[in-house]
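A.B. asks: For reference, the structure I am asking about is given below.
The values are calculated or read from the model by the stated rules, or taken from the named source; none is laboratory data. Note that the coordinates shown come from a computational prediction; the quantities given were computed from them, not determined experimentally. Backbone-built Cβ (ideal geometry, glycine too); neighbour counts: all protein chains shown.
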Amino acid sequence: MKSIKNSVLIIVLTMLSSAAFAEVAVIVNSANGASISKGDITAIFLGKTKKFSDGSVAVPIVSDGAITDEFNSKLLGKTSSQLKSYWSKLVFTGKANPPKKVSDGEVLQLIKTNNNMIGFVDSAAVSGDVKVVGKF
Amino acid sequence: MNKKILMAAIMAATPISSQAIDYSFSGFGSLVGGATTDGEEFRPHVKYGGGKYDESFALDVESRLGIQGTVRLTDDLAVTAQVVSRGGYNWRPELKWAYVSYQVNDNVQIKAGRLNSPFYLYSDFQDVGYALPWVSAPRNAYMVPADAIEGVNVITSFSTEKFEHVIEVYAGRYDDGQNKYETGHLDIETPTFGLTYMPTYDGWLTMRATYHEGTDLEIISKDLDGLRTMLEGIPAPAKFLANAKFKHERTSFSGIAVKAELDRLTLIAELNQLDWHTSILPHQKRGYISAIYQVNDKFAPYVTLMKNNDSGGDLEETGVGALDAALKAQFGKSDTFGWAVGGRYEIADNMALKAEYQSQSSDIPKNEQTGEDVADTFRVALDIIF
């Protein structure tokens, strides 16, 4: 009985810690040769640039998963409502459109098959066939 | 001319219609209700005929719904249209924007078609309540009664060391007719141009300087026509009559603004000036300063101070006492001071609830005031984007 309680406790703590300390891995297609800094990632995901440093078109995608809040706060420095407000300013002035939203499970698959895409996943979920450009 | 550009772009899109066309829709809405608490009337619209608040609670004065659609023809070429429907204008849909945009490169964007003049810091999304910290941008300083142009606009943005710079230049023609609305009687037409420079330092300090000119302005208004007929009948002095023709006017608008985002505290100040050259219409110098404090992720109260210095236009005594008093009340010098307290609360990621109380006072005695701007008003708003 005690061991069950402990297991439950450990599972709960693990879940809490993974939610609180999840590491974000920013990923691109393995064929993408551009050098991508943290500043480049921020600029691409805030719509300030539409290209990678090598001049190729950058297509950012965001997931609807829990990792998105982590990404928004660590790389973009915004809460989700601040980000919504930021995008509403750009969208309704015709300046830029927010990154396409896809389901959490689709991110890896899309990045694998598309040379221009850039996205992010929980670093624990990264597979070998995409290129990690940074962990945050 | 711009309609032709729009049509050409739409037709250019047709041959590729067999491919998947990349389009998107976005929308915004604000449900705003309010009432004055001092028995006066408050007109929140700078444009005529948009309704006003009085002692009974009203939901239709400022409430609005907007839909924007964008069709991407190529990676760089897009057509955008925005339709806004306002309670103040009986919910009649108004084509606010319809333009073709071409992204020359990361730094330069060109738009052609129906656009708005970027007079103010918050011009671009003045209707998008969700994007504003307040129930509405301070009405006193957002005072130009025309903002829709048909023309061309070029936005250049670039970075140096610690600055991001945005330069916006446009030229076109105002045709912001309000007489199409049953309740309004004012139409403004003029060729126009303007430029804006907005540098942002280190991501937190934004400065803005802007200048606009209407070069050959005509105000089409039954009320002003009536006034002129009256002045001619007296007859009023020749110079005065010349200043009351409301045609071939030159008018200019200039403004400066600062926005500082200091951790939880945001300070915003704007000073705007509208000058009518050779007209009896009053010159308006108006500003505000606002402090917004982000208490937590959800709640951000604010306080705003507003000040108007409207100097009288080129008025002369006509010798008819009642007329002189009326002219002075309508076009004379006045100073107004106001303050507002309010707050924004995030209900959801795309929804905010706001409330505001504002109070205004003028150096003109209440019984001589003609406008509907000096009042104490309470308003609540629910803003969404979708």
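Residues are listed down the side, and each one gets a yes or a no for (1) in contact with a helix residue (DSSP H, G or I) (Cβ under 9 Å, 6 or more places away or on another chain); (2) among the polar types (S, T, N, Q):
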position	(1), (2)
B:Arg86	no, no
B:Asn90	no, yes
B:Ser101	no, yes
B:Ala112	yes, no
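A.B. asks: In the range B:58-80, what count of residues is obtained for those that are small (Gly, Ala, Ser), closer than 22 Å to B:Asn105 by Cα and touching a Leu at 6+ places or on another chain (Cβ under 9 Å)?
C.D. replies: 0
A.B. asks: Which residue, of B:Trp91, B:Trp97, is free of Cβ contacts under 8 Å to residues at least 60 places away in the same chain, surrounded by fewer than 22 Cβ atoms within 10 Å (Cβ to Cβ), farther than 22 Å from B:Ile167 by Cα and hydrophobic (A, V, I, L, M, F, W, C)?
C.D. replies: Just a single option satisfies the conditions, and that option is B:Trp91.
A.B. asks: Ok, one more. Which one of B:Leu271, B:Leu195 is assigned to a strand (DSSP E or B), at pLDDT 90 or above and under 30 Å from B:Arg344 (Cβ atoms)?
C.D. replies: Exactly one of B:Leu271, B:Leu195 is assigned to a strand (DSSP E or B), at pLDDT 90 or above and under 30 Å from B:Arg344 (Cβ atoms), namely B:Leu271.
A.B. asks: So if I check each of A:Ser103, A:Ser88, which one is surrounded by 21 or more Cβ atoms within 10 Å (Cβ to Cβ) and either of a type in the set (Asp, Glu) or at pLDDT 85 or above (or both)?
C.D. replies: Of the residues listed, the single one that is surrounded by 21 or more Cβ atoms within 10 Å (Cβ to Cβ) and either of a type in the set (Asp, Glu) or at pLDDT 85 or above (or both) is A:Ser88.
A.B. asks: Next question. Looking only at the range B:163-186, decide whether some residue is closer than 26 Å to B:Arg344 by Cα and away from chain A (no Cβ under 13 Å).
C.D. replies: No: zero hits.
A.B. asks: Does B:Val83 qualify as being more than 30 Å from B:Leu59 (Cα to Cα) and among the hydrophobic types (A, V, I, L, M, F, W, C)?
C.D. replies: So B:Val83 fails the test.
A.B. asks: In addition: Looking only at the range B:344-358, decide whether some residue is within 14 Å of chain A (Cβ to nearest Cβ), among the hydroxyl-bearing types (Ser, Thr, Tyr) and within 18 Å of B:Ala137 (Cα to Cα).
C.D. replies: Yes: the range B:344-358 contains one or more residues that are within 14 Å of chain A (Cβ to nearest Cβ), among the hydroxyl-bearing types (Ser, Thr, Tyr) and within 18 Å of B:Ala137 (Cα to Cα).
A.B. asks: Another question, if that's okay. Report yes if A:Ala20 is more than 14 Å from every other protein chain (Cβ to nearest Cβ), at pLDDT below 90, outside any loop (DSSP other than H, G, I, E, B) and out of contact with any Gly (no Cβ under 7 Å at 6 or more places or on another chain), otherwise no.
C.D. replies: Taking the combined requirement at face value, the residue satisfies it.
A.B. asks: Given the structure, is A:Ile44 in contact (Cβ under 8 Å) with a residue 40 or more places away in the chain, in a helix (DSSP H, G or I), within 12 Å of another protein chain (Cβ to nearest Cβ) and surrounded by 14 or more Cβ atoms within 10 Å (Cβ to Cβ)?
C.D. replies: So A:Ile44 fits the description; yes.
A.B. asks: If I filter the range B:341-352 for residues that are touching a residue at least 60 places away in the same chain (Cβ under 8 Å) and either within 20 Å of the chain's Cα centre (by Cα) or surrounded by fewer than 17 Cβ atoms within 10 Å (Cβ to Cβ) (or both), do I get at least one hit?
C.D. replies: No: the range B:341-352 contains no residue that is touching a residue at least 60 places away in the same chain (Cβ under 8 Å) and either within 20 Å of the chain's Cα centre (by Cα) or surrounded by fewer than 17 Cβ atoms within 10 Å (Cβ to Cβ) (or both).
A.B. asks: In the range B:20-43, how many residues are more than 11 Å from chain A (Cβ to nearest Cβ) and touching a residue at least 60 places away in the same chain (Cβ under 8 Å)?
C.D. replies: Adding up the residues that qualify gives 14.
A.B. asks: Suppose the filter is modelled with pLDDT under 95, surrounded by 16 or more Cβ atoms within 10 Å (Cβ to Cβ) and closer than 29 Å to B:Leu281 by Cα; does B:Asp124 pass it?
C.D. replies: For B:Asp124, the condition - modelled with pLDDT under 95, surrounded by 16 or more Cβ atoms within 10 Å (Cβ to Cβ) and closer than 29 Å to B:Leu281 by Cα - is met.
A.B. asks: Out of the residues in the range B:67-80 meeting the condition of being surrounded by fewer than 20 Cβ atoms within 10 Å (Cβ to Cβ) and at the interface with chain A (Cβ under 10 Å from one of its Cβ atoms), tell me which one is modelled with the highest pLDDT.
C.D. replies: Within the range B:67-80, the match that is modelled with the highest pLDDT is B:Thr70.
A.B. asks: Next question. Tell me whether the range B:46-56 contains one or more residues that are under 23 Å from A:Ser88 (Cβ atoms) and either crowded, with 21+ Cβ neighbours inside 10 Å or aliphatic (A, V, I, L, M) (or both).
C.D. replies: Taking every residue of the range B:46-56 in turn, at least one turns out to be under 23 Å from A:Ser88 (Cβ atoms) and either crowded, with 21+ Cβ neighbours inside 10 Å or aliphatic (A, V, I, L, M) (or both).
A.B. asks: Can you find a residue that is over 30 Å from B:Glu168 (Cβ atoms), away from chain B (no Cβ under 11 Å) and under 12 Å from the mean Cα position of the chain (by Cα) anywhere in the range A:75-96?
C.D. replies: Within the range A:75-96, none of the residues are over 30 Å from B:Glu168 (Cβ atoms), away from chain B (no Cβ under 11 Å) and under 12 Å from the mean Cα position of the chain (by Cα).
A.B. asks: Can you tell which of B:Asp324, B:Asp310, B:Asp335, B:Asp314 is modelled with pLDDT under 75 and of a type in the set (D, E, K, R)?
C.D. replies: None of the others qualify; the one that does is B:Asp314.
A.B. asks: As an exercise: evaluate B:Ser117 against (1) free of Cβ contacts under 8 Å to residues at least 40 places away in the same chain; (2) in contact with an Asp or Glu (Cβ under 9 Å, 6 or more places away or on another chain) and give the number of the one condition it does not meet.
C.D. replies: The number of the failed condition is (1).
A.B. asks: Could I ask something else about it? Got a number for residues in the range B:282-323 being within 14 Å of another protein chain (Cβ to nearest Cβ), within 25 Å of B:Val144 (Cβ to Cβ) and not in a strand (DSSP E or B)?
C.D. replies: Going through the range B:282-323 one residue at a time, the tally reaches 0.
A.B. asks: Follow-up question, since we're still on this one. Can you tell me which residue in the range B:81-114 is farthest from B:Ser26 (Cα to Cα), limited to those that are facing chain A (nearest Cβ under 9 Å) and not polar (S, T, N, Q)?
C.D. replies: Looking at the filtered set, the residue picked out is B:Asp106.
A.B. asks: To continue, here is another question. Can A:Thr68 be described as free of Cβ contacts under 8 Å to residues at least 12 places away in the same chain, surrounded by 16 or more Cβ atoms within 10 Å (Cβ to Cβ) and either within 14 Å of chain B (Cβ to nearest Cβ) or of a type in the set (Lys, Arg) (or both)?
C.D. replies: no
A.B. asks: Out of all the residues in the range B:205-259, which are hydrophobic (A, V, I, L, M, F, W, C), exposed (fewer than 15 other Cβ atoms within 10 Å of the Cβ) and closer than 14 Å to B:His277 by Cβ?
C.D. replies: Of everything in the range B:205-259, just one residue is hydrophobic (A, V, I, L, M, F, W, C), exposed (fewer than 15 other Cβ atoms within 10 Å of the Cβ) and closer than 14 Å to B:His277 by Cβ, namely B:Ala242.
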